[in-house]
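Data first, discussion second: the structure below is written as structure tokens.
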Amino acid sequence: MSFFQNLLSSIMERSLLKSSYFRSKDFGILHEDINKALESVMSKSGEISSLVFAEHLSSLIEALNDEEFIEFFETLHAKYDLDAEALLRASNEYSKNKTQKNLELIFQASEPQWVKLFKRLNTVSEGTLRLVRLRERIRSLKQASPSLEFFDRSLLKLFKHWFNPSFLVLESIDWSTPANILEKIIAYEAVHEINSWDDLRARLAPDDRRCFAFFHPLMPNEPLIFVEVALSNKIPNTINEIITIDRSVTLNQDINTAVFYSISNCQEGLSGISFGNFLIKQVAHKLKQENDGLDKFVTLSPAPSFVRWLEENSINLDSDEDMLLKQALIYLTASDREDGLPNDPVAKFHLGNGAILERINLNADLSSKGLMQSKGVMVNYLYNLDTLEENHELFFKTKEVKQSDAIKSLRKKLQI
């Protein structure tokens, strides 16, 4: 942790010094009229003055009510959009004279001017986090203003560069992690609710439990995604085996299986960027290095769209277990989608990562959420570290669900 903490400390100190320096200088009028403030940001060419005006504008945007917020972005879209005529001229010039300079003119003309605004807003104090929050708000208001879609997509494109996996830092989360981070783990848990500090402690403190999160250096207090892992001597078939507070701890010498039982994305403003595939693979390799006895990497995953699929296909929700198992097999191995990808979003995620469908478990999650979404069904997906890339390529080439021998035998028995 020390290197990462020192890095973050350095970034924060530099940010504070920069803010202090800005306040000590006179860079002109900081307009309270947001459109004039916008003009100031877009017209300034000096690096320091641009940052000062961008910091001011960022605060003005955050203070807008929803109606003012939409109006601001509609004005931004109308006034600082792509210059189609300039792009056409640049394209025509390049077709006549294919020089590097003319190619660069095409690049410049093909980017809307508002992208420059986002890049400048990113340079202010906590600018990256503030832009992530800005996109959250844009996404929440898109239905009220279709033009917000332009900014949603534009920010997503920028974020895919800024949140490249090579920039992310993997950190272990345990009971000694600072409380402000632990509070966010509780708040962001999206699969199996954490109901108390005792509940959280049971997931983090025992020797056979792990939690890992990705952080970005410019958002040091905000996890991007985290995964909870149970170290076990078998593949579990119910969630209670894992999250029950009062349970026996698996001794280190008996551990042979790592179970990924909860993966939670934390930032709605980063929706559309996949972190989970990199997280699982990196964590699996890290755990293998720590424990030579680990030879199985599996999930215990929900099937969150199963009940909806049953309803859409007019299948009785109170079917007996044999019928429920048969329908779960159909749901997970055959596709009703036009693109041929799995019906279930979690299945699509894990199979796309190169995992295989290992086992289906009935009565595995009897919580109200588990019954409402998946009729209690949970799924084990198996990650074989030696065949992940091969499986990944094959899945997207054929869209076929790679299955364990047990699943194949079960399908044959049930005549599926």
Sorted by mean Cβ packing within 10 Å, highest first, what order do the peptides 408-416, 233-241, 204-212 take?
204-212, 233-241, 408-416
Calculate how steeply helix 66-79 sits against the longest principal axis of the alpha-carbon atoms of the chain, using the helix alpha-carbon long axis, and give the answer as 0 to 90 degrees to the nearest 10.
60
Just the number, please: Stokes-Einstein D of the range 114-267 in µm²/s, Kirkwood Rh from C-alpha pairs, 10 °C, 1.306 mPa s.
90
Suppose each label sits 7 Å from its Cα in the direction of the beta carbon; what would the residue 84-residue 62 distance come out to in nanometres?
3.7
If you line up the long axis of helix 148-162 against the longest principal axis of the chain, both from Cα atoms, how many degrees apart are they, to the nearest 10?
80
Using the alpha-carbon centroid of each, what span in Å lies between the range 255-296 and the range 87-124?
40
Against the longest alpha carbon principal axis of the chain, how many degrees, from 0 to 90 and to the nearest 10, is the axis of helix 84-96 turned?
90
Surpassing 20 Å at the alpha-carbon level, of the pairs 296/402; 234/413; 98/157; 184/286, are 234/413; 98/157; 184/286
Candidate lysines - alpha carbon under 26 Å from residue 36, same-chain residues fewer than 8 apart omitted:
18, 25, 44, 79, 116, 119, 142
So what is the calculated 222 nm ellipticity per residue for the chain, using -39500 (n - 2.57) for each DSSP H run with n of 4 or more, over all residues, to the nearest 500 deg cm²/dmol?
-16000 deg cm²/dmol
Against the rule of thumb 2.2 N^0.38 Å, how large the Cα Rg of the range 113-161 comes out
1.09
In 20 Å bins starting at zero, report the fraction of Cα pairs in the chain per bin as a rounded %.
22, 47, 28, 4
Translational diffusion of the range 313-416, µm² s⁻¹ [Kirkwood Rh, Cα pairs; Stokes-Einstein; 4 °C; 1.567 mPa s]:
90
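Would you please give the FRET efficiency between residue 108 and residue 153, computed as 1/(1 + (r/R0)^6) with r the Cβ-Cβ distance and R0 = 25 Å, to the nearest 0.05?
For residue 108 and residue 153, the calculated efficiency is 0.80.
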If the chain between residue 288 and residue 186 were fully extended at 0.36 nm per residue, the gain over the current Cα-Cα distance would be 34.0 nm
Given bins 5 angstrom wide, list per bin the percent of all Cα-Cα distances in the range 18-162, short to long.
2, 9, 17, 19, 19, 13, 10, 6, 3, 1, 0
Label points 7 Å out from Cα along the Cβ direction at residue 400 and residue 277: separation in nm?
2.0
Percent of alpha-carbon pairs separated by more than 12 Å within the range 330-370:
65
Please report 301, 172 as a ranked list, fewest other C-beta atoms within 10 angstrom at the top and most at the bottom.
172, 301
Quick one: what does P(r) look like for the range 168-413 with 10 Å bins over all Cα pairs, in whole %?
7, 31, 37, 21, 4, 0
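Since every read-out is calculated from the coordinates, none of them should be taken as a lab result. Note that this is a predicted model, so its numbers are computed, not measured. For neighbour counting, all protein chains shown are included, and Cβ atoms are generated from backbone atoms with ideal geometry for every residue, glycine included.
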